[in-house]
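Working notes, structure below.
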Amino acid sequence: MTLLLSIIYLIATITFVVGLKMLGHPATARKGNLIAGAGMILAIIGTIFLHDFEVPISVYLLLAAAILTGSLIGWFMAMKVKMTKMPELVSLFNGFGGASAMVIGLVEFMKNTQVDDTQKASASIVATIMAAITIGAITFTGSVVAWAKLDGSMKDIRLPKYNLMNNAMLLGLIAFSAYLVYSGSDNMVLVYILLLASLIYGFLFVIPIGGADMPVVISLLNSLTGISAAITGILYDNMVMLVGGILVGSAGLILTFAMCKAMNRSLGNVIFGAFGGDAVQSTGAAKTAGTVRKTTASDAAVLMNYASNVVIVPGYGLAVAQAQHVIHELEEMLTKKGVNVVYAIHPVAGRMPGHMNVLLAESNVSYDKLVEMDDINPRFPQTDVVFVVGANDVVNPAAHNDPSSPIYGMPILDVENARQIIINKRSMNPGYAGIENELFYNQKASMLFGDAKSAIQSLINELKNM
Amino acid sequence: MNGLLEFISSNLQLIYILILAIFIGLELIKNVPTVLHTPLMSGANALSGVVIMGAILVMLNTDPDNYLGLALGFIAVVLGMINVVGGFAVTDRMLHMFKKKK
């Protein structure tokens, strides 16, 4: 490695640290992302041109084609995605990173089988190759499953005794990799079996985890991709890969725990606890007693018009209906009529922490209108009308008063303390986590059924006529 | 056991870097406001694209006659590049929306 390349890698590493730090503050976040991106480009260019192997021009051309193809696909996907589909895309990108590490491990093992015994890699190198293949493969299929679940094209699947099976399979994978390392095996077939088993494990690992827990899983998988990148870095003695990967690994882990904390659950509970499933049926039956009060757009509009404080609670339903622009219009209209309107943002509302912030930012809702859970909860008793739009689990009182509920103990928005609650939902179906919500049967609650966008639009029309 | 000790003594520097990097990562993300969780996850995801460096090295270091190796390297570079470019671009798009209403 040339001195210049080492210096470039050093600079890139510093940009990663500084960029990540800046990403953590609202004012500097965008610059931080660009700095880290610039560091990455610098490191990539350095890697391509500053090395000491003999590389024929044909390989260079192939490399250029690969870089161009990947960049175009990545750019196109990033520019085309709707803001509501952001979590899915992050998950998919993450899977590609894992797949890349997996393929690298595979090629390195293949090369190692083709050299003389004197040039064989040491056991520790083979161990890193195995780790790159297995962790990369697990993140790949895991991320793809997470993507499919967020996308709604895949339901939770729980095979009988899945926890036992998955754990046994994980132990088996570790034992098999260890065997391959110690036996110094040259057999590609065994490695293909390891690869296949890892891919299957990644799939099985994510399929039983409930949809509402997907953000935690994505964050965890993101952390794993970082670790697989770091492992490949050890393979090439490449510091920028090592440090960059580890940074992502540990930062991703902290983020994962932060998300678990927001839901008041442990990581073990998320991964091994069957969220939804059996518990749902038992609690569901008890809660459906009672009647639901329906309301109309004009009644709801009157309530809001004569309120002095209105709190909007957005959830994933808002994202699905693409209602972020009309909700902003409603908010502006009410504000003009002298109503004090704010949004209550639950940390895990939507499909990703901060999902609602991103969405509302897209429609130009101002920062100070978004109030976080701990600040809004004491204000609910003074709130005249709470308007819940497509949120469900984050306002479910079962989290406070039903110890048998799977979400028991999760901090929620205490909307039942408000004077009136208007809930917009498409139907009475339970939320993403599959849990009944007794809030809908609350005396103060009334339901405004319909697609969020059209329901809000009719509210606006009613308000215009007042 | 001897192998492990040998690995530790010959890679001591690496292990130091590894441990310090873990702590830096943990410290960097502490106390980040919820608002930034999604962009941060997306940005960190883009950073995990450093794996592209490995993919490029695989391609450069593969014998031109090793077609399977080159093909796999090609796939690794494409996948890694999607992760890097897509990751940074989508994070920027997200953060751009935050900025508008200053």
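The values are calculated or read from the model by the stated rules, or taken from the named source; none is laboratory data. Values in this document were obtained by computation on a predicted structure and should not be read as measured data. For neighbour counting, all protein chains shown are included, and Cβ atoms are generated from backbone atoms with ideal geometry for every residue, glycine included.
Listed values, structure above:
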read-out: Selection status of A:Ala445, under 27 Å from the mean Cα position of the chain (by Cα) and either surrounded by fewer than 20 Cβ atoms within 10 Å (Cβ to Cβ) or closer than 23 Å to A:Val326 by Cα (or both); value: no
read-out: Residue among A:Val394, A:Val320 that is out of contact with any helix residue (DSSP H, G or I) (no Cβ under 6 Å at 6 or more places or on another chain), buried (at least 24 other Cβ atoms within 10 Å of the Cβ) and closer than 30 Å to A:Trp147 by Cβ; value: A:Val394
read-out: Only one of A:Ser405, A:Ser427 that is outside any strand (DSSP E or B) and either buried (at least 17 other Cβ atoms within 10 Å of the Cβ) or aliphatic (A, V, I, L, M) (or both); value: A:Ser405
read-out: Residue match in the stretch B:72-90 (condition: of a type in the set (Val, Ile, Thr), over 22 Å from A:Trp75 (Cβ atoms) and within 17 Å of the chain's Cα centre (by Cα)); value: no
read-out: Qualifying positions in the stretch A:240-273 - facing chain B (nearest Cβ under 7 Å), of a type outside the set (Ser, Thr, Tyr), in contact with a Phe, Trp or Tyr (Cβ under 8 Å, 6 or more places away or on another chain) and farther than 15 Å from B:Asn83 by Cβ; value: A:Val240, A:Val243, A:Leu247
read-out: Residue among B:Asn66, B:Asn61 that alone is surrounded by fewer than 21 Cβ atoms within 10 Å (Cβ to Cβ) and more than 7 Å from every other protein chain (Cβ to nearest Cβ); value: B:Asn66
read-out: The lone exception for A:Lys82 - which of (1) crowded, with 16+ Cβ neighbours inside 10 Å; (2) closer than 25 Å to A:Arg351 by Cβ it fails; value: (1)
read-out: Test: A:Val394 is in contact (Cβ under 8 Å) with a residue 40 or more places away in the chain, aliphatic (A, V, I, L, M) and more than 14 Å from chain B (Cβ to nearest Cβ); value: no
read-out: Residue in the stretch A:54-74 that is touching a residue at least 40 places away in the same chain (Cβ under 8 Å) and more than 28 Å from the chain's Cα centre (by Cα) present; value: no
read-out: Only listed residue being hydrophobic (A, V, I, L, M, F, W, C), modelled with pLDDT of 90 or more, outside the structural domain of A:Tyr201 (by TED's automatic domain parsing) and part of a helix (DSSP H, G or I), chosen from A:Ile138, A:Ile104, A:Ile44; value: A:Ile44
read-out: Single residue of the stretch B:12-29 satisfying the filter (at the interface with chain A (Cβ under 8 Å from one of its Cβ atoms) and closer than 16 Å to A:Leu242 by Cβ) that is surrounded by the fewest Cβ atoms within 10 Å (Cβ to Cβ); value: B:Phe23
read-out: Checklist (1) in a helix (DSSP H, G or I); (2) buried (at least 22 other Cβ atoms within 10 Å of the Cβ); (3) among the hydrophobic types (A, V, I, L, M, F, W, C) applied to A:Ile209, failing item; value: (1)
read-out: Any hit, the stretch A:209-222, residues being in contact (Cβ under 8 Å) with a residue 24 or more places away in the chain and farther than 30 Å from A:Arg265 by Cβ; value: no
read-out: Count - residues of the stretch A:51-74 that are within 13 Å of B:Thr62 (Cα to Cα), assigned to a helix (DSSP H, G or I) and at the interface with another protein chain (Cβ under 7 Å from one of its Cβ atoms); value: 4
read-out: Entirely in chain B, the helices (runs of 4 or more DSSP H) that have 2 or more residues that are closer than 19 Å to A:Ala66 by Cβ and of a type outside the set (Gly, Ala, Ser); value: B:51-60, B:67-81
read-out: Unmet criterion (only one of (1) within 14 Å of another protein chain (Cβ to nearest Cβ); (2) under 22 Å from the mean Cα position of the chain (by Cα)) for A:Val389; value: (1)
read-out: Subset of the stretch A:75-94 [closer than 17 Å to A:Val320 by Cα and within 7 Å of chain B (Cβ to nearest Cβ)]; value: A:Val81, A:Met86, A:Leu89
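Here's the yes/no breakdown for (1) within 9 Å of chain B (Cβ to nearest Cβ); (2) touching a strand residue (DSSP E or B) at 6+ places or on another chain (Cβ under 6 Å); (3) over 23 Å from A:Met352 (Cβ atoms); (4) of a type in the set (A, V, I, L, M):
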| residue | (1), (2), (3), (4) |
| --- | --- |
| A:Leu106 | yes, no, yes, yes |
| A:Lys120 | no, no, yes, no |
| A:Ile129 | no, no, yes, yes |
| A:Ala137 | no, no, yes, yes |
| A:Ser143 | no, no, no, no |
| A:Lys149 | no, no, no, no |
| A:Met165 | no, no, yes, yes |
